[in-house]
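Have a look at the structure below, then the notes.
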Amino acid sequence: MFTTEINRREFMKASASGGMDRRSFIKSSLLLSAASACCSFLTSLALASAAPKRILVLGGTLFLGPAIVESALAAGHTVTLFNRGVTNPTLFPNLEKLKGFRSGDPQDEDLSALSRRHFDVVVDVWPNDPAMVASAAEFLRDHAGHYLYVSSIAAYDSREFAKAGVEETAPMEPWNSSGRKYNRGKAESERRLHAILGERLTIVRPGPIKGTRDTTPDLLTWLLRAQRGGQHIAPGDGTDPVELGCERRGPVPGTGDRPLPLRHLQPDRKRDEFSGIPG
């Protein structure tokens, strides 16, 4: 029985030692690193450890998708994009692009461009509509060797967020709860995918992802305010556990995989790095 939610430390050790066979690669996959937007160098390492794959990326031209595509291409894999051809249509001009439309209503979607194709891996990057997620998985079930879905830590039961060290086995947000639609949608999408795909499914649950092509203002607002110096408001009471990573370079030096109290992360403007980080 393979584990479908990947522990990052175990993945790093296995990929670095060459201890992944072909099936394990597809299940663990370089796409774990890209999807967590933390360690692109680990992504390339894991990709290079297996024979080239035919990878279908659903979407692939907005934010997280391009990072996955670029990592896969750098390792010699063949990537096909499936999307509407609307978002950044000139991106990746040399890739095969199949046009269609996804929807939670089977009568309102067009997946016909995929009907005669087969891929080693399908990557579903963004949706949180369970009907839309399940519809594509049902259609592609017999057209893919393995399926990877980028979920979110938001899929965990909201009551778990008050606890440090939440693991993959923690309860998920119920579909009929009063939680946010996004949270409930990601959790329910996972449940439906498990029912459709079984062991041919890998799920990754990243936290907030920031980096190249990110257009949301939240992180930028914080960075600009911190740049001005002085005291300013931060969430929580300073004891909330956080884990820092870099989209391209991996964990922030000195932090490893350890969650740190927020109060330790005080920018040292003279050295342009974080101070107060133990170890």
Ser189 surrounded by 12 or more Cβ atoms within 10 Å (Cβ to Cβ), farther than 27 Å from Phe63 by Cβ and at pLDDT 90 or above: no
Of the residues in region 85-135, how many are out of contact with any strand residue (DSSP E or B) (no Cβ under 9 Å at 6 or more places or on another chain), of a type in the set (Gly, Ala, Ser) and farther than 14 Å from Tyr149 by Cβ? 4
In region 191-230, which residues are polar (S, T, N, Q) and over 28 Å from Glu168 (Cβ atoms)? Thr215, Thr221, Gln227
Which numbered condition trips up Val133, out of (1) in contact with a helix residue (DSSP H, G or I) (Cβ under 6 Å, 6 or more places away or on another chain); (2) over 19 Å from Phe82 (Cα atoms); (3) not hydroxyl-bearing (Ser, Thr, Tyr)? (2)
Cβ pairs under 7 Å, 6+ apart or interchain, first in region 168-182 and within 16 Å of Asp129 (Cβ to Cβ), second among the charged types (D, E, K, R) and surrounded by 12 or more Cβ atoms within 10 Å (Cβ to Cβ), ordered by first then second residue, are Glu173/Asp157; Glu173/Arg184; Trp175/Arg184; Trp175/Glu188; Gly179/Glu173
Given (1) without any contact (Cβ under 8 Å) to a residue 60 or more places away in the chain; (2) more than 20 Å from Ala154 (Cα to Cα), Gly185 misses just (2)
Pairs only if they're at least six apart or on different chains, beta carbon under 8 angstrom, first in region 230-246 and in the same structural domain as Ile153 (by TED's automatic domain parsing), second modelled with pLDDT of 75 or more; list them, first residue then second. none
Out of the residues in region 38-82 that are part of a loop (DSSP other than H, G, I, E, B) and of a type in the set (A, V, I, L, M, F, W, C), which is modelled with the highest pLDDT? Leu62
Residues satisfying the stated conditions in region 74-98, i.e. loosely packed, with under 14 Cβ neighbours inside 10 Å, in contact (Cβ under 8 Å) with a residue 12 or more places away in the chain and under 17 Å from Thr61 (Cβ atoms): Arg84, Thr87, Pro89, Glu96
Some residue of region 188-201 being part of a loop (DSSP other than H, G, I, E, B) and either of a type outside the set (Lys, Arg) or under 19 Å from the mean Cα position of the chain (by Cα) (or both): no
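The values are calculated or read from the model by the stated rules, or taken from the named source; none is laboratory data. For clarity, every value in this text was computed on a predicted model and none was experimentally measured. A quick note on method: Cβ atoms are made from the backbone with ideal geometry, for glycine too, and the neighbour counts reach across all protein chains shown.
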